[in-house]
Amino acid sequence: MKMKPLPRWAWIAALALLAAAAIIPALLLPALRSQATVIYYLSPTRSSELWRAELNGSPPRQITNTNGRIFDFTLAPDGRTIIYSAYNDLGGVDLWQTRSHNSPPRQLIPCGADWCINPAVSPNGKQLAFSRRKASTESGGLPDIPRVWLMDRESGEMSELTYDPQITGFEPSWSPDGSRLAFFDGQAGGVRVWNLSSGPEWFAHSNLGAVGRWSPDGGAMLYIDAHPGEEQPLAQIYRLDILTGQISLAFEQDQEAPFLADYGPPEWSAQGWVAVSIQLLEGGSSRGIWVMQPDGSQARQISPQEDKHYGAYRWSPDGENLAFQQITLSGAESMPEVAVWDMQSGEVQVISQDASRPQWGR
């Protein structure tokens, strides 16, 4: 049977449907992205509370009311459960937990005069690592050296990661599979990688006080350490192979990444890109943000203004956006701002003024 040609109105209707099929996802994309791209941050800088802001232009919302006692915070893998540290009346710092949607806060760990800070939730959400500094035995004295502790989030049971008095630790960081913890040991002067099944695994010397960042597959870590320069030591990025323990400079001199420069802590994205703050030797006092591949190739500067200092950068879970804080160098009254860079468009959106330490959530 010979097929009859479709009438003109049918072709128009079909084309309209195809056009709609292409347009509707594009129209929905900003809404979907706004649900997934939520920024949590501290504000104001000198008396901090925790705030939540969506990238769709909705007004930011205050999460905590502690009379400006927030010290630091983290988010659980669900992106909505917040664990934060806050000063108490005894001069110590307690750990608290709350939810992003008008949930009353719950004291998680009362620490008395001790400092319980740097909370980090395991990828499966079952364990909490944090740094604890015992109160000084002398009146008015500073807290003791920090040590890493673990808490089972279901039972509440707590224990030190290690009872070795020679091992200190702060800023614990979980490997992507949750089998290891990295932390900075200030007493030994370096980054430790701790296997939760077998104990100490690797040690990478560093005198710069910053823990490294895991690769998306957990097979490597990037961290900073001082590297001899022509006139003064420069902070350079090193790569630690988790399987072999081999340490090497991450960037070779023939790559696009600036070689003679002072680097800040690296931040690895889910897509494999690395963000890092860089101060060029001939670039004055400003510190810009660069994005590059882990070997230093395809490097480009993304910070738009030369008179600003950039830091505290964090990739969104999908690796499409980078949150950071920026502050104008000129002017004694300058306060930091939280902003977001869109990798696709290259645009920068200021989220909040007098704000700092952004993190991603839901």
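With respect to the conditions (1) within 25 Å of Asp354 (Cα to Cα); (2) in contact with a Lys or Arg (Cβ under 9 Å, 6 or more places away or on another chain); (3) at pLDDT 95 or above, Ile242 lacks only one, and its number is (1).
Note on segment 186-196: residues that are in contact with a Phe, Trp or Tyr (Cβ under 8 Å, 6 or more places away or on another chain) and assigned to a loop (DSSP other than H, G, I, E, B) amount to 2.
Just for segment 139-155: of the residues that are surrounded by fewer than 10 Cβ atoms within 10 Å (Cβ to Cβ) and over 23 Å from Lys126 (Cα atoms), which one is nearest to the chain's Cα centre (by Cα)? Checked segment 139-155; the qualifying residue nearest to the chain's Cα centre (by Cα) is Gly141. The set of residues in segment 156-185 being over 18 Å from the mean Cα position of the chain (by Cα) and either part of a strand (DSSP E or B) or exposed (fewer than 14 other Cβ atoms within 10 Å of the Cβ) (or both) consists of Gly156, Glu157, Met158, Ser159, Glu160, Tyr163, Asp164, Pro165, Gln166, Asp185.
Okay, residues lined up against (1) in contact with a helix residue (DSSP H, G or I) (Cβ under 9 Å, 6 or more places away or on another chain); (2) part of a loop (DSSP other than H, G, I, E, B); (3) under 29 Å from Val348 (Cα atoms):
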site: Arg46; (1), (2), (3): no, yes, yes
site: Trp51; (1), (2), (3): no, no, yes
site: Asn56; (1), (2), (3): yes, yes, yes
site: Phe71; (1), (2), (3): no, no, yes
site: Ser85; (1), (2), (3): no, no, no
site: Gly91; (1), (2), (3): no, yes, no
site: Trp96; (1), (2), (3): no, no, no
site: Pro104; (1), (2), (3): no, yes, no
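Against the numbered list (1) part of a strand (DSSP E or B); (2) without any contact (Cβ under 8 Å) to a residue 40 or more places away in the chain; (3) more than 19 Å from Gly361 (Cβ to Cβ); (4) of a type in the set (Gly, Ala, Ser), Ser139 comes up short only at (1). Among the residues here, Thr64 qualifies as surrounded by 18 or more Cβ atoms within 10 Å (Cβ to Cβ) and closer than 28 Å to Val340 by Cβ. In the set (1) in a loop (DSSP other than H, G, I, E, B); (2) within 19 Å of the chain's Cα centre (by Cα); (3) surrounded by 13 or more Cβ atoms within 10 Å (Cβ to Cβ), Arg239 fails one condition alone, (1). Of the strands (runs of 3 or more DSSP E) entirely within segment 269-344, those holding at least 3 residues that are aromatic (Phe, Trp, Tyr) occupy 308-315.
The values are calculated or read from the model by the stated rules, or taken from the named source; none is laboratory data. Nothing here was measured: the structure is a model prediction, and the numbers come from that model. Glycine also receives a Cβ, built like all others from the backbone with ideal geometry; neighbour counts cover every protein chain displayed.
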